[in-house]
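Only one structure is covered here, and it is reproduced in the block below.
The values are calculated or read from the model by the stated rules, or taken from the named source; none is laboratory data. Only a predicted model underlies this, so the values are computations on that prediction, with no experimental measurement involved. Please note: Cβ atoms are built from the backbone with ideal geometry, for glycine as well, and neighbour counts cover all protein chains shown. Ligands, DNA and RNA are excluded from the accessible area calculation, which covers all protein heavy atoms including side chains. Shrake-Rupley method; radii C 1.70, N 1.55, O 1.52, S 1.80 Å.
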Amino acid sequence: MVGSYRVGNRWKNLCFSLAKLAISAGALTGLVAMQRSQLQQGAMFTFSPEQLNQQERWKLEVLQRSPTFGFDNLMADWVFLNFLQYDGDEEARTKLGYELAPQFFDLVTRWDPRFVESYLFLSGTLSYRLGKPELAVDYMTRGTDALQPDQHPQAFLPWRFKALDQLLLLGDVPGSIVSHDRAGDWALQSTDPEIRKVGPLMKQTAAFLQTDPDSRMVRLWGWSSVFEQAEATRDRSTQERARQDLLKIGAEERKDPEGRTYFVLPSANKPAATTQPETPASPDSPPPSEPDSSNPTESPTPDGAQPSPQPSPADSPATPSTP
């Protein structure tokens, strides 16, 4: 009797698992079919940015509930490629912003936290475009927890981007010191000799922050970059988030002659900047040079470019750059 009961339960569990597998496979097949249909009909129909955004939202919601059947890395790659397509739609991003970006990177970092190259896009999008550095740091922690320095020549990158977000946008100097120091340790253990050259620079950054922890100037640079990005994409929510964080660090909101907003720190509150923090770089870019103290007014950006200098309170307002 007991044996019959166990056999019956096993059959029920098996049938339930097969049904779940069929539903999940059907859902994934539907996603692929929908993308294929879009490609085939692209020449016949024009989808509005809102329609494309809604379709992408639906796909991500289905994927959040779908198993990967052991193909975690492959699924993470597929989602990341979909994000690149989403990110590359300039018309839609200008009109609708990046509201779905967190869902893309939640899936990528959950399914493949060792996908080192994705963290550059994660930091640049979630922190600097969407103004959500706390979420970006949470997702990057999945990578720093899962990776080891001997698993990938560039395994130090999640630590590096995490350190920069902590410093530039969150003002978490103690956390940034730890992350810079760990990034330096991992870079020194890389199998790539060019990467090993970066290690001492990040260790030096950690040491400098211990002696000069006032990060208001670099936070001014970071949040001003977020503010300008949000203004360009008409993302009012992110823009207001950046504005509030700028005001919290003591920045003053001003207008240039053309009516555009910019922020400066009052002269009395400006720290004596003696170095310039490192800026995020692409995984294929050459190692950064020594920190330069000669021009502390230029603002680092997520892709390593230098935008227009921030106006000085003593000078007439300059025209802020827009991405």
If one computes P(r) from the Cα atoms of the range 126-196, what percent of pairs lie at distances over 20 Å?
27 percent
Starting from the Kirkwood Rh over alpha-carbon pairs, what translational D in µm² s⁻¹ does the range 46-89 have by Stokes-Einstein at 37 °C and 0.692 mPa s?
287 µm²/s
Accessible area (Å², 1.4 Å probe, nearest 10) - Phe69
90 Å²
Too-long pairs where the Cα-Cα distance tops 29 Å, listed order kept, from Lys132/Lys197; Lys132/Lys255; Lys95/Lys255
Lys132/Lys197
Normalised by the residues of the range 65-164, what does the relative contact order come to in percent, with Cα pairs under 8 Å and at least six apart?
25 percent
Give me the distance in nm between label points sitting 7 Å out from Cα along the Cα-to-Cβ direction at Glu194 and Glu50, one decimal.
4.7 nm
Hey, how many Å between the Cα centroid of the range 152-199 and the Cα centroid of the range 44-81?
31 Å
Could you grab the relative contact order for the range 133-245? Cα pairs under 8 Å, six or more apart, rounded to a whole percent.
22 percent
So for the range 86-223, Kirkwood radius off the Cα pairs, Stokes-Einstein at 10 °C and 1.306 mPa s: how many µm² s⁻¹?
103 µm²/s
Would you check the accessible area of Glu61, probe 1.4 Å, heavy atoms only, in square angstrom rounded to 10?
80 Å²
Any idea how far apart Arg236 and Ser66 come out in nm if each label point goes 7 Å out from Cα toward Cβ?
3.6 nm
If you line up the Cα atoms of the range 58-149 on their principal axes, what length do they span on each, largest first, in Å?
37, 27, 19
